Amino acid sequence: MLLSQCSRSQPLSSVPVSEPIQFQTYKSENGLLSLDLEAKAQSVQLGSRTANLLAYNGKVPGPLLEAKPGDQVQIRFTNQLNQPTNIHHHGLHIPPTGSGDNVFLEISPGQSHTYEYQIPENHPAGTFWYHPHKHGLVAEQLFGGLAGLFIVRGELDEIPEVKAAKEEFLVLKDFALDDNGNISDTGHMAAMTGRAGGLLTASGQINPAIAISKGGLLRLRFLNAAPSRFFRLSLEDHSMHLIATDGGAISSPVELSDIVLAPGERVEVLVQGNQKPGDYRLTNQPFNPAQGGMMGGMMGGQNSDRAETVATLTYDDETDETPLPSQLIAVEPLPEPQATRQFALNHGMGGGSMMGGGMVFMINGKAFDPGRIDTQVTLDTVEDWEIVNTGSMAHPFHVHTNKFQIISQNGQPMPYLAWKDVVAVSPGETVRIRMAFRDYTGKTVYHCHVLDHEDRGMMGTLEIQQA
Ligand code: C2O
Ligand code: CU
Ligand code: CU
């Protein structure tokens, strides 16, 4: 053991490997996913630390929900926080109105609300999630710990090699705790760069052990549930084979040496247990999302300048050699758009001091107003949206209700088609996305998923109208 550690180029993280990941899981039965969910301030364990956080059903991350296409969902939600909240179902293609994915609902302290909707029969399998979406409080409540996975099982899970793989869910999240385990103030810069903390967790554990079989496949499902931190993941001596993005499977696996995950993004990868049995680190590598923009130096603080261990892969047994799947689920290109729109992302002074309360984040020069309709589209049409970052910070752009395909990034076409609902746009960059408005009419939103930016105005309303 000592010898193998000494022979490494860098020492293993000094943080002890904590318990394996365990979720409280609710699965649908006979076509119904039904549960009680409560948001409450609570003391919870983060690895070996006790932290005073905000939790769903006492857990950080919240319970893992699992359903199938066509299932009915009933979530009896109670707000035991001391401030208003609500629940957003990030990435699910469900109605944005009524008791569906309605982010305009406000559930006051002490109040309850039942979220009720059906997952469409043709919904793709994938890694989705739920989190609070009360404008002005989203960053604070997410940073406090409120977030959980919502897994839709379907076609992708039936591919034999995927089915044979061991599966692990990694909800990546940073925390800032003081000596008493309370959430600490992340400083005056948080209003600009978004709040971030130095304690990295994977599904509520600090450096958990993840078992992999020699010869077998490991399916890792990643969610970046941090309010503003980007992750750049890399796995020691193993490549990762991308099989799914935000909105579900891609057509065939793509081999990657590292993966950048912006806040809100998800990926699924397969890892082959093809190395010498031992321990291998999954690390978060230094990464500057602003890429040399004006705020480059400041944003550099988001990820420290050294790699940090997020989890440790451990070979535990041996199994028959499982090959990688060659085909996954075809991603059909969306038809040509009927319209093209521009969205400029920027920030400015709303009066007041430079770094403090005065910072306003805007889309097309306007800060969020829930009573205003910013964008009107027609059901069953396809549009291209050109997202232009004219500011100096990276902005992960997110759209509710319908997923999209990235057409180009700075004029460069994408190497493969994928379903997305978040795309990071760096300073000076233009990203073109294509989206079809299907199945649901009503008012929904798009916004920056650095949630301090969203809370400070970088969100717009989208009305999908009947043709
Ligand atoms: Cu996960 Cu409107 O966001
Ligand atoms: Cu969302
Ligand atoms: Cu932003």
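The values are calculated or read from the model by the stated rules, or taken from the named source; none is laboratory data. Not measured: the values here are computed from a predicted model. So basically every Cβ, Gly included, is an ideal-geometry build from the backbone, and we count neighbours across all protein chains shown. Quick note on the areas: whole protein, heavy atoms, side chains included, nothing else; ligands and nucleic acids left out. Shrake-Rupley method; radii C 1.70, N 1.55, O 1.52, S 1.80 Å.
Flag: ALA344 matches the condition of being within 16 Å of ligand 3 (Cβ to nearest atom), more than 22 Å from the chain's Cα centre (by Cα), at negative phi and outside any loop (DSSP other than H, G, I, E, B).
Taking every residue in segment 441-457 that is small (Gly, Ala, Ser) and pairing it with any residue that is more than 12 Å from ligand 1 (Cβ to nearest atom), at least 6 positions away or on another chain, the pairs with Cβ-Cβ distances below 7 Å are GLY442/PRO95; GLY442/THR97; GLY442/ILE464; GLY457/VAL360; GLY457/PHE361; GLY457/MET362; GLY457/ALA367. Put simply, of GLN412, GLN405 the only residue that is without any contact (Cβ under 8 Å) to a residue 40 or more places away in the chain and closer than 28 Å to ALA244 by Cα is GLN412.
Reported count of residues in segment 372-411, each being assigned to a loop (DSSP other than H, G, I, E, B) and among the acidic types (Asp, Glu), is 2. Screening segment 29-78 for residues that are outside any strand (DSSP E or B) and modelled with pLDDT under 95 and picking the one that is most open to solvent (accessible area, probe 1.4 Å) gives SER48. Right, SER408: open to solvent by less than 50 Å² (accessible area, probe 1.4 Å) and touching a Gly at 6+ places or on another chain (Cβ under 9 Å) or not? No; evaluated as a whole, the condition is false for this residue.
For GLN338, state whether it is farther than 17 Å from THR245 by Cβ and either open to solvent by less than 50 Å² (accessible area, probe 1.4 Å) or more than 16 Å from ligand 1 (Cβ to nearest atom) (or both). For GLN338, the condition - farther than 17 Å from THR245 by Cβ and either open to solvent by less than 50 Å² (accessible area, probe 1.4 Å) or more than 16 Å from ligand 1 (Cβ to nearest atom) (or both) - is met.
Considering only residues in segment 426-444 that are away from ligand 1 (no atom under 16 Å from the Cβ) and closer than 20 Å to GLY264 by Cα, the one that is least open to solvent (accessible area, probe 1.4 Å) turns out to be VAL431.
Given the condition aliphatic (A, V, I, L, M), assigned to a helix (DSSP H, G or I), over 19 Å from PHE128 (Cβ atoms) and in contact with a strand residue (DSSP E or B) (Cβ under 9 Å, 6 or more places away or on another chain), answer yes or no: does some residue in segment 193-202 qualify? Scanning segment 193-202 turns up no residue that is aliphatic (A, V, I, L, M), assigned to a helix (DSSP H, G or I), over 19 Å from PHE128 (Cβ atoms) and in contact with a strand residue (DSSP E or B) (Cβ under 9 Å, 6 or more places away or on another chain). State yes or no: is HIS347 in contact with a Cys (Cβ under 8 Å, 6 or more places away or on another chain) and not β-branched (Val, Ile, Thr)? Against the criterion (in contact with a Cys (Cβ under 8 Å, 6 or more places away or on another chain) and not β-branched (Val, Ile, Thr)), HIS347 does not qualify. Scanning segment 128-154 for residues that are open to solvent by 10 Å² or more (accessible area, probe 1.4 Å), away from ligand 2 (no atom under 16 Å from the Cβ) and part of a loop (DSSP other than H, G, I, E, B) yields GLY136, ARG153, GLY154. Only a single item in (1) part of a loop (DSSP other than H, G, I, E, B); (2) of a type outside the set (D, E, K, R); (3) at pLDDT below 95 is not met by LEU3, and it is number (1).
Look at (1) within 16 Å of ligand 1 (Cβ to nearest atom); (2) in contact with a helix residue (DSSP H, G or I) (Cβ under 7 Å, 6 or more places away or on another chain); (3) open to solvent by 10 Å² or more (accessible area, probe 1.4 Å) and you find that ASP157 fails only one, number (1). Taken as a whole, segment 410-422 holds no residue that is within 19 Å of ALA339 (Cβ to Cβ) and β-branched (Val, Ile, Thr).
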